[in-house]
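What follows draws every value from the coordinates through simple rules; no lab data is involved. Since this is a predicted model, take the numbers as computed values, not measurements. Please note: Cβ atoms are built from the backbone with ideal geometry, for glycine as well, and neighbour counts cover all protein chains shown.
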Amino acid sequence: MPSVRDIELNVPATATIGRVKKKACERLGVEPELTSILHDGRVVDGNLRVNKLRLQQKPLIVDYLWARHLILWGQDGQKRLKEASVLIAGAGAIGNEVAKNLAMLGVRRLLVVDNDVVELSNTSRMIFFERRNQGSNKAEVLARNITSKFPYVEALAWTGALEHLPLKHVLNADVIVCGLDNVLSRIYLAQIARRYSIPMVDGGIVGYQGRVQVYAPPDAPCPLCAFPSADYGRIAGLRNPCDGPAEETKVPSLPTTISLVSSIQCQEAAKLVMGYRGYLKTGTWPKETGEPLKGVLMVDLRYNRYSLIEVKRNKNCIVCGDHGVAQSPVPILTIPISQLRDSTSHLYEAVAKEMKLTVQEIMLFSQKGNRTVKVEKEQSLRRLGLGMRNILTAVAHDGSDYREAAVRLS
Ligand SMILES: [Zn+2]
């Protein structure tokens with residue numbers, strides 16, 4: 001990686017290039033499977049020995065898949081991308097581009113959510129869909145094809161409704177990228193982002209026009225803040241909050257607008273992956289990545305108009321307002337399963353203690369497929385299928401005050 005740094009390695013002359021590569025990767029903290037060793041512009045076979053090459057004249061070059069990214073944000077930034085999980089809501093035109101961009105940026109874990117199926121007209125704008133995929137679930141096809149093109153990516157598909165996505169998948173996400181085609185699902189997604197403090201990048205397009213908004217909870221205005229509550233009934237039936245009413249079949253869509261909007265969304269998602277947790281602690285964003293977008297970016301490729309519209313937090317917002325569905329963030333409690341002696345009663349006691357309530361004041365719920373079931377006391381956790389990494393919901397309600405917590409078994 002000459003543009004990043006030079007390193008010196010001490011190896012015997014009879015060492016193979018494979019061994020040199022292993023040592024170089026260890027030193028640089030990069031993955032050997034994503035690295036090649038070059039000499040004089042050509043990839044060197046791993047079995048070749050060092051003394052067969054004229055190293056005095058030309059050095060070995062370590063060519064790493066993300067060498068050009070490291071110049072911008074270093075190994076720390078790339079490591080954050082590698083360890084991040086991103087929830088892609090919607091596997092349509094934006095979802096396809098977003099999945100591609102995130103995979104190429106180096107994000108390893110993608111969860112793609114969509115319950116719709118591929119249609120022929122999709123294939124003109126959605127790079128991972130082909131004619132033969134018609135009738136198959138969009139999320140499944142996208143997850144499969146993204147892994148086949150980028151084998152280092154673990155892509156999972158959720159083929160049910162967004163509203164039925166299990167909480168464990170939501171809580172695993174470091175960032176949500178939204179490419180949904182309706183406002184109601186956006187409201188649902190924005191309240192998830194707010195409740196569980198997961199930053200979200202919203203995007204939408206209509207023809208030549210596109211829109212991007214970043215939501216970094218808890219203090220930023222959420223994607224629904226800009227709309228007066230009297231308008232919710234009207235906008236709920238629309239695809240994007242800024243559109244006029246349109247029949248789904250008549251909505252114009254262009255690959256150019258889609259790729260512009262999704263590129264901006266992914267760069268914003270990368271900023272959030274690399275800086276959001278630190279921002280929550282220190283109030284600052286890393287200078288290498290820059291600060292995420294503030295306000296709503298509107299683009300119009302027909303007239304080359306690019307405008308950033310200021311948005312303020314709205315106390316009457318349906319999502320994050322004083323009486324919004326996600327008015328207060330939900331705490332996430334981690335309970336070590338080893339302390340519970342396989343008993344749901346001990347689980348109730350541990351959760352009540354964390355919430356500073358009595359056992360009688362709380363109720364625990366778990367998710368079984370699409371159903372939410374109450375966890376009864378004096379049961380065996382094992383027999384209920386509750387183990388490590390399961391997520392439960394704790395609810396306390398005393399008539400006027402409602403409190404909720406997510407409980408992660410560790
Ligand atoms: Zn809001």
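What residues from the stretch 70-99 fall in the zone where the backbone N is under 20 Å from a label point 7 Å along the Cα-to-C-beta line of LEU34?
Only 70-88, 97-99 fall inside the zone, counting backbone N under 20 Å.
Cα centroid distance between the stretch 251-282 and the stretch 1-53, in Å?
With the stretch 251-282 and the stretch 1-53 each reduced to a Cα centre, they are spaced 35 Å.
With r as the distance between the Cβ atoms of ARG383 and LYS315 and R0 = 51 Å, compute the FRET efficiency 1/(1 + (r/R0)^6) and round to 0.05.
0.65
Contact order normalised by length for the chain, with contacts defined as Cα pairs under 8 Å and 6 or more residues apart; what percent is it?
12 percent.
Please check: in the Gaussian network model of the chain (C-alpha springs, under 10 Å), which one of SER259, SER185, SER338 has the largest mean-square fluctuation.
Ranking SER259, SER185, SER338 by mean-square fluctuation puts SER338 first.
Under a Cβ-Cβ cut-off of 12 Å, what is the net charge of the residues other than ARG27 that fall near it, where Lys and Arg count +1 and Asp and Glu count -1?
+1
Return the FRET efficiency for the residue pair GLU291, GLN56: r is the Cβ-Cβ distance, R0 is 41 Å, and the value is rounded to the nearest 0.05.
0.30
Kindly provide the trypsin sites (Lys or Arg not before Pro) of the stretch 329-382 that DSSP labels as loop, not H, G, I, E or B, and whose Cβ sees at most 14 other Cβ atoms within 10 Å.
Qualifying residues, ordered by number: ARG341, LYS356, LYS377, ARG382.
At what distance in angstrom do the alpha carbon centres of the stretch 366-410 and the stretch 147-197 lie from each other?
Rounded to whole Å, the Cα centres lie 21 Å apart.
For the stretch 95-103, in order, what is each residue's ³J(HN,Hα) by Karplus, 6.51 cos²θ - 1.76 cosθ + 1.60 with θ = phi - 60°, in whole Hz (x at glycine and Pro)?
Calculated HN-Hα couplings, in order: x, 4, 5, 5, 4, 4, 5, 5, 4 Hz.
So for the pair ALA13, HIS164, with labels modelled 7 Å out along Cα→Cβ, what separation do we get in nm?
6.9
State to the nearest 20 debye the size of the charge dipole of the stretch 261-410 about its Cα centre, where the only charges are +1 on K and R beta carbons and -1 on D and E beta carbons.
I would put it at about 340 debye.
Based on the Cβ-Cβ distance from VAL395 to ARG132, what FRET efficiency comes out when R0 is 41 Å, to the nearest 0.05?
0.35
Can you give the angle from 0 to 90° between the axis of helix 67-83 and the longest principal axis of the chain, with both taken from C-alpha atoms, to the nearest 10?
40
Could you tell me the center-to-center distance, by alpha carbons, between the stretch 114-129 and the stretch 71-88 in angstrom?
About 28 Å separates the Cα centre of the stretch 114-129 from the one of the stretch 71-88.
Provide the net charge surrounding ASP116, with neighbours chosen by a C-beta distance below 10 Å and charges set as Lys +1, Arg +1, Asp -1, Glu -1.
Once all neighbours under 10 Å are counted, the net charge is -2.
What are the trypsin sites (Lys or Arg not before Pro) within the stretch 54-160 that DSSP puts in a loop, where the Cβ has at most 13 other Cβ atoms within 10 Å?
Filter output for the stretch 54-160: ARG54.
For each of TYR276, TYR306, count neighbouring Cβ atoms within 10 Å of the residue's Cβ, then give the residues from fewest to most.
The order, fewest Cβ neighbours first, is TYR306, TYR276.
Can you give the local net charge around ILE337? Use residues other than it whose beta-carbon is closer than 13 angstrom to its beta-carbon, Lys and Arg +1, Asp and Glu -1.
Charge balance near ILE337 sits at +3.
Working out 0.36 nm times the residue gap between MET298 and THR334, then minus their Cα-Cα distance, what length gain in nm do you get to one decimal?
8.9 nm
Tell me, in nm to one decimal, what length is gained between SER124 and THR282 on full extension, where the rule is 0.36 nm per residue of separation less the Cα-Cα distance?
Value of the extension gain: 52.4 nm.
Under 5 Å between amide hydrogens, which residues at least 5 positions from LEU48 or on another chain qualify, with H placed 1.01 Å from N in the peptide plane?
Result for LEU48 returns ILE17, GLY18.
Using each residue's phi in the stretch 19-29, evaluate 6.51 cos²θ - 1.76 cosθ + 1.60 at θ = phi - 60° and report the 3J(HN,Hα) Karplus result to the nearest Hz, with x for Gly and Pro.
Going residue by residue, I get 5, 4, 4, 4, 5, 4, 5, 4, 5, 8, x Hz, with x marking Gly and Pro.
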